[in-house]
Amino acid sequence: MKRVTLLRLALLTSLATGLGTALVAPGGAAAAAEPFTTTTLHFKVLVGPAGNQVCDVVGDVYVPTGASSDDPVPAVLTTNGFGGSKDDQAALGAALASRGYAVLSYSGLGFGGSSCKITLDDPAYDGKAASQLVSYLAGADRIAYLDAAHTQPAPVQSAVELDGPGDPRVGTFGGSYGGGFQFAVASIDHRVDALVPVITWNDLSYSLGPNNTAQTTGVSTSVPGAAKLVWALGFSAIGVTGDLQNQQVPPDLLPCPNFADFVCPALVTAGATGYLQPGDVAKLRGRSVASYLSQITAPTLLVQGERDTLFNLNEAAATYRALQDQGTETKMIWQLGGHSGDGAPGEVSWSDPASGYVSGRVLDWFERYLKDRHSVSTGPEFAYFRDWVDYSGSAAPAYASASTFPVGTARTWRLSGAGDLVTGATPDAPGAQSFLTPGAGLPTRLDEMDVLGSVLGPVPSLVTDLPGTSAAWSTPALAAPLRVAGSPTVRLQVSAPTAALTQLLGPAGELVVFVKVADVAPDGTARLINGLEAPVRVPDVTRPFTVQLPAIVHEFAPGHRLRLVVAGGSVNYRGGALTTPVTIASGSAQTLTLPVVP
């Protein structure tokens, strides 16, 4: 989990090494006495729509001692998070090889010594590259070499169990960028037998420019959202400097060093206008499992982080629901650690996987689907970490489990006058709150920046919007704990006469607001929950709209208050272009609904 902390402390040099290692505990490869061998090889892969672009992929092959064509073992294919390398998976490789799996850990295209550009896990590039590594595991020749020039063929791999000629028994594992590759390869290669994508995306256009209303399927929207500024800056810096870190010469400086050509112009335009252009949305969505879910048929264990402002819990939930609906065997875990914060003790241990709740579940998934051990339980359908539960050792006691998803009982509050949230028979008091959204996409608070926040010093998740830039409603002090597990839903109708006119100009004239749920302590200090908020570009301010906030797992303690905030700006997103007056009146149609759990 400490990779995520490293990410936040050194953006330009180690940021994205952590963007996919939230499940990789600190520690290097096993000592020489471990019962496996490790060999570094170079792989010649052909990628691109026509399959004629040659890339060199560097990887480490872990083979258990004694594994052979006469005694073959299943395999796991894994790669790094954004900005990382094959070395990030050394602890995982050692753990699995020690337990009877062959492991191929490789540096993804554009990272860690592997050539070619970063294509954001495009199936035509990263998917094809990984598919050829699957073929290597199946015993194909002329793929693996001892040198980067591909002049010295490596011995054919013969220690991997086959389901049939050319079909290895193989699963995949990886976090963040290393999660996206799994969907990319599984969508074009059904030889993959099991997937474990960790803290990864459903739709990159939502991840980098979310709109939490006007959602059509999953998290995908019909209206562009608000550009995610600081994460986009971090990705750009890592991608552009990646070649220097890997001692490579950038393959092409223009228009976007080390990235697919469209990426840099897309991010620059989004930063200037506040939203992704339709063509860029299509390209990002095309590199997302949301576009090819129907092609994912292998059993999939989704692991997502509660502390994650990059790929929030809603992304995993969208993938889970879609896979379930089409009959793909799928289970989901919400762990504590993600891109925006460390995990909890006892969640992950690769030195002893069974001692960590999540690592144990991963190992069981592979035991069941790669070793055909039908007696091994793969755990509950859905499990989520509760940080209010005390435990020692394994984090298992802190995990609640359920046989279905979503969980909880809906509890609804109405937005009443005098800034109150009321329930039940409590009458709605008349009243309204008004505020201004700042122009030019400016923020209304400077409390915590995604990624960069900790670089500038320890900064709390305080809700400190400038006066006149937000509206808020709060419950009375709670007499009992209020526990939530899932996505808050807000139903709003606003009055914004200026936006009613400017929205006719298109997205640039539409109202942009930021909806968030805060925990207010007895001393009046209000804090966001895991830094999460919901950007909303309202398609039509003359009509009611529904906001699906990022899911949370949180306990509001007795004496605390629940607060709903609607703000005009955010330090982490590009807000609306125009200064806009907004009024929100009280009434039974204005609601906040939470999934409440015991």
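Annotations
- Qualifying residue in the stretch 374-381 (condition: of a type outside the set (Asp, Glu) and either in contact (Cβ under 8 Å) with a residue 60 or more places away in the chain or not assigned by TED's automatic domain parsing to the domain that holds Thr330 (or both)): yes
- Taken over the stretch 79-120, the residue count meeting the criterion of being closer than 20 Å to Ala159 by Cα and among the β-branched types (Val, Ile, Thr) is 1.
- Condition met for Leu92 (under 30 Å from Arg373 (Cβ atoms), in a helix (DSSP H, G or I) and either out of contact with any Leu (no Cβ under 8 Å at 6 or more places or on another chain) or at pLDDT 95 or above (or both)): yes
- Being crowded, with 24+ Cβ neighbours inside 10 Å and within 30 Å of Thr221 (Cα to Cα) is not true of Phe111.
- Restricting the stretch 357-395 to residues that are within 21 Å of the chain's Cα centre (by Cα) and assigned to a loop (DSSP other than H, G, I, E, B), the residue that is surrounded by the most Cβ atoms within 10 Å (Cβ to Cβ): Arg386
- Qualifying residue in the stretch 577-585 (condition: under 30 Å from Tyr399 (Cβ atoms), of a type outside the set (D, E, K, R) and crowded, with 19+ Cβ neighbours inside 10 Å): no
- Cβ-Cβ contacts under 7 Å between residues 6 or more apart (or on different chains), taken from a first residue in the stretch 256-273 that is touching a residue at least 24 places away in the same chain (Cβ under 8 Å) to a second residue that is among the polar types (S, T, N, Q) and surrounded by 21 or more Cβ atoms within 10 Å (Cβ to Cβ), are listed as Ala260/Thr119.
- Of the criteria (1) more than 26 Å from Pro224 (Cβ to Cβ); (2) without any contact (Cβ under 8 Å) to a residue 60 or more places away in the chain; (3) of a type outside the set (Ser, Thr, Tyr); (4) crowded, with 22+ Cβ neighbours inside 10 Å, which one Lys516 fails: (1)
- First in the stretch 345-360 and closer than 14 Å to Ile333 by Cα, second anywhere and of a type in the set (A, V, I, L, M, F, W, C) and modelled with pLDDT under 95, Cβ under 6 Å, 6 or more apart: Val348/Leu23; Val348/Ala25; Gly360/Ala354
- Close pairs (6 angstrom Cβ cut-off, 6 or more residues apart or separate chains): free of Cβ contacts under 8 Å to residues at least 60 places away in the same chain in the stretch 465-484, surrounded by 20 or more Cβ atoms within 10 Å (Cβ to Cβ) anywhere: Leu466/Thr444; Gly468/Phe435
- Scanning the stretch 398-414 for residues that are more than 30 Å from Ala425 (Cβ to Cβ) and either in contact (Cβ under 8 Å) with a residue 24 or more places away in the chain or in contact with a helix residue (DSSP H, G or I) (Cβ under 9 Å, 6 or more places away or on another chain) (or both) yields a total of 4.
- Residues of the stretch 341-356 classified as crowded, with 20+ Cβ neighbours inside 10 Å and acidic (Asp, Glu), total: 1
- Scanning the stretch 330-356 for residues that are in a helix (DSSP H, G or I) and farther than 29 Å from His190 by Cβ, we see that the one that is modelled with the highest pLDDT is Ser355.
- Residue count for the stretch 398-443, restricted to those that are farther than 30 Å from Thr498 by Cβ and charged (D, E, K, R): 1
- Ala429 within 28 Å of Gly559 (Cα to Cα), touching a helix residue (DSSP H, G or I) at 6+ places or on another chain (Cβ under 9 Å) and either surrounded by 18 or more Cβ atoms within 10 Å (Cβ to Cβ) or modelled with pLDDT under 95 (or both): yes
- Tallying residues that are in a loop (DSSP other than H, G, I, E, B) and crowded, with 18+ Cβ neighbours inside 10 Å within the stretch 47-71 yields 1.
- Top-ranked residue in the stretch 123-180 [being of a type in the set (Lys, Arg) and assigned to a loop (DSSP other than H, G, I, E, B); ranked as surrounded by the most Cβ atoms within 10 Å (Cβ to Cβ)]: Arg169
- Residues that are buried (at least 21 other Cβ atoms within 10 Å of the Cβ) and in contact with a Pro (Cβ under 6 Å, 6 or more places away or on another chain) are absent from the stretch 487-506 altogether.
- Evaluation of Gly327 against (1) at negative phi; (2) part of a loop (DSSP other than H, G, I, E, B) (one fails), failing number: (1)
The values are calculated or read from the model by the stated rules, or taken from the named source; none is laboratory data. Nothing here was measured: the structure is a model prediction, and the numbers come from that model. Here Cβ is always computed from backbone atoms with ideal geometry, including for glycine, and neighbour counts include all displayed protein chains.
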